[in-house]
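**Q** Below is a structure I'd like to ask you about.
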């Protein structure tokens, strides 16, 4: 049997339920004992029930939270890069294939969304330029 990790993290919306994995029992069954719930957004770790987390538990949770935060940040950037691709594809569609009725159906919503995005990006760029050392 392949060596299993000592901990399993069941991903939830803002974090995970943390389980300690045990295969060292008489039946050689995999047992998962919930030890905590973690929230990646605010860094909160709540022991499950009346448990006290060991230093190994805390270290595994910290490592998982750091890796999860990095993964979510990378996914955010990937999503934005895909949005840029979609904007380019939308421009090509509008120029080459869109009918007047299709354009009428989406133009106002798309223009408002693009205006909102542009306003945010310009404001944030100005903030960064103002904060930059001279």
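**Q** Restricting the stretch 10-53 to residues that are within 15 Å of the chain's Cα centre (by Cα) and outside any loop (DSSP other than H, G, I, E, B), which is farthest from residue 69 (Cα to Cα)? Give the steps one after another, and end with the answer.
**A** First, pick out the residues of the stretch 10-53 that are within 15 Å of the chain's Cα centre (by Cα): 10-16, 38-43.
Going one step further and asking which of them are outside any loop (DSSP other than H, G, I, E, B), we end up with 10-12, 15-16, 38-39.
On the way: 10: 15, 11: 12, 12: 13, 15: 10, 16: 12, 38: 12, 39: 11 Å.
Step by step, filter the stretch 10-53, then rank; the result is 10.
**Q** Looking at 59, 113, 67, 94, can you tell me which residue is assigned to a helix (DSSP H, G or I), without any contact (Cβ under 8 Å) to a residue 12 or more places away in the chain and touching a helix residue (DSSP H, G or I) at 6+ places or on another chain (Cβ under 7 Å)?
**A** After applying the criteria, what remains is 94.
**Q** OK, next. Return the only residue of 82, 124, 29, 97 being at pLDDT 95 or above, surrounded by fewer than 11 Cβ atoms within 10 Å (Cβ to Cβ) and closer than 25 Å to residue 11 by Cα. Talk me through it step by step, then tell me what you get.
**A** Numbers: 124 fails: closer than 25 Å to residue 11 by Cα; 29 fails: at pLDDT 95 or above; 97 fails: closer than 25 Å to residue 11 by Cα.
Of the residues listed, the single one that is at pLDDT 95 or above, surrounded by fewer than 11 Cβ atoms within 10 Å (Cβ to Cβ) and closer than 25 Å to residue 11 by Cα is 82.
**Q** Yes or no: residue 67 on the phi < 0 side of the Ramachandran plot and more than 16 Å from the chain's Cα centre (by Cα)?
**A** No, not satisfied.
The values are calculated or read from the model by the stated rules, or taken from the named source; none is laboratory data. These numbers were taken from a predicted model, which means no experiment stands behind them. Methodologically, a virtual Cβ is constructed for each residue, glycine included, from the backbone with ideal geometry; neighbour enumeration extends over all protein chains shown.
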